[in-house]
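Asks: Below is one structure. I have some questions about it.
The values are calculated or read from the model by the stated rules, or taken from the named source; none is laboratory data. As the structure is a prediction and not an experimental result, all values here were calculated from the model. Every residue, glycine as well, gets a Cβ built from its backbone with ideal geometry; the counts of neighbours run over all protein chains shown.
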Amino acid sequence: MHIPDGFLSTSTVAVASVISIGGVAGAVKIVGKELKEKQVPLMGVLAAFIFAAQMLNFPIAGGTSGHFMGAALAAIILGPWAGVLIMTCVLIAQCLIFQDGGLLALGANILNMGIIGSFSSYYIYRLIISFNNSRNAKLVGSFVASWVAIVLASIACALELAISGSSPTSIVLPAMAGVHALIGIVEGLITTVVLRVIMASRADLLESQPVTR
Amino acid sequence: MKSKWWLISLLICLIVAIFSPLASSSPDGLERVAEDKGFIELANDAPFQIIADYVFPGIENEAVATITAGIIGTLILFGLAYGVAWLLTSSRRKQTYQPASNRKD
């Protein structure tokens, strides 16, 4: 879902960049204040995993592939602000080194996959486990949160394309949401499996309060 | 062993990167929509290329080039996010440390 340069109008780029700069600045401030020392290597591991897993495009219907996004995984483990920071690191490296996602579109990509992905998944996960805090509820919650996060990110992406005049809303919005509703199933499975593995091996990493404000 | 959990985790990430040549080469969700709905030609190429398309330049074997790109990227991301998190928390460590050391008694 990395938007290349050319898809977005100048005004869309400007608005998305301003929102992203604000979001990342907030993330820097809050993560700096709240992140525990034990969580510092976890930031590195999550960014490394999300990058590596994003390379593994999996086939979905009709000659289309999808790849892991990872914002939900990061946000569920470390909170939405740390999720924004991790996704920003991944997206900046992908843009500058791997030419995946446009330079001017970086702000929009951070907004969609970083900010919208992290915050939506975090709060949906929290809402679900507020009803039932069992391990199974956490796994179901992580699946649902991951699915919603990638679908919302794709809807935001579609709206940006529509506002930019690249494609009409009535065409691009259902197309993007439809494809990512399928990709979201795999997104949810990956997040849930990784969380299940962490629960089994190092549950203490999930116990410390995630970074929230 | 317990203190090295992140090293084991990083190894797992590198193993994931090694599987990258198996990735589907079909267009992803956005690329597919852009092709089907006729706006893919709006995309501009990047003004510079470093490890474009996750293929490390100058390596004949494409699988090896992809694995190399994946390993480099995974290590960069680990270092980058670890470094950012360390820097952000290091200023706080100094702040919480100073009152104790500056105490005049």
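Asks: List the residue pairs whose Cβ atoms are under 8 Å apart, where the first residue sits in region A:34-46 and is free of Cβ contacts under 8 Å to residues at least 12 places away in the same chain, the second is crowded, with 24+ Cβ neighbours inside 10 Å, and the two are 6 or more positions apart or on different chains.
Replies: A:Val40/B:Ala85; A:Gly44/B:Leu77; A:Gly44/B:Phe78; A:Gly44/B:Ala81; A:Gly44/B:Ala85; A:Val45/B:Cys13; A:Val45/B:Phe78
Asks: Does B:Ile18 satisfy being under 26 Å from A:Val186 (Cα atoms), of a type outside the set (Gly, Ala, Ser), in contact with a Gly (Cβ under 8 Å, 6 or more places away or on another chain) and more than 7 Å from chain A (Cβ to nearest Cβ)?
Replies: yes
Asks: For region B:1-15, which positions are free of Cβ contacts under 8 Å to residues at least 40 places away in the same chain and of a type outside the set (Lys, Arg)?
Replies: Residues satisfying the conditions are B:Met1, B:Ser3, B:Trp5, B:Trp6, B:Leu7, B:Ile8, B:Ser9, B:Leu11, B:Ile12, B:Ile15.
Asks: Which count do you get for residues in region A:1-27 that are closer than 16 Å to A:Gly114 by Cα and in a helix (DSSP H, G or I)?
Replies: 14
Asks: Now, a different point. Quick check: is even one residue across region B:65-82 more than 14 Å from the chain's Cα centre (by Cα) and of a type in the set (A, V, I, L, M)?
Replies: yes
Asks: Same structure, new question: From (1) at pLDDT 95 or above; (2) within 8 Å of another protein chain (Cβ to nearest Cβ), pick out the condition that doesn't hold for B:Thr89.
Replies: (1)
Asks: Using the structure shown, decide if A:Ala72 is in a helix (DSSP H, G or I) and touching a Ser or Thr at 6+ places or on another chain (Cβ under 6 Å).
Replies: yes
Asks: Sticking with this structure for a sec: Please specify each residue of region A:58-69 satisfying the condition of being under 16 Å from the mean Cα position of the chain (by Cα) and either free of Cβ contacts under 8 Å to residues at least 60 places away in the same chain or at the interface with chain B (Cβ under 7 Å from one of its Cβ atoms) (or both).
Replies: A:Gly66, A:His67 - these are the residues of region A:58-69 that are under 16 Å from the mean Cα position of the chain (by Cα) and either free of Cβ contacts under 8 Å to residues at least 60 places away in the same chain or at the interface with chain B (Cβ under 7 Å from one of its Cβ atoms) (or both).
Asks: Okay, moving on. Give me a count of the residues in region A:4-32 that are touching a residue at least 24 places away in the same chain (Cβ under 8 Å) and within 7 Å of chain B (Cβ to nearest Cβ).
Replies: Looking only at that region, the number is 6.
Asks: Which helices (runs of 4 or more DSSP H) does region A:101-213 wholly contain that include 3 or more residues that are surrounded by 16 or more Cβ atoms within 10 Å (Cβ to Cβ) and within 19 Å of the chain's Cα centre (by Cα)? So that I can check it myself, show each step before the final result.
Replies: On the way: elements: A:106-109, A:117-131, A:135-163, A:169-202, A:204-207.
So the answer is A:106-109, A:117-131, A:135-163, A:169-202.
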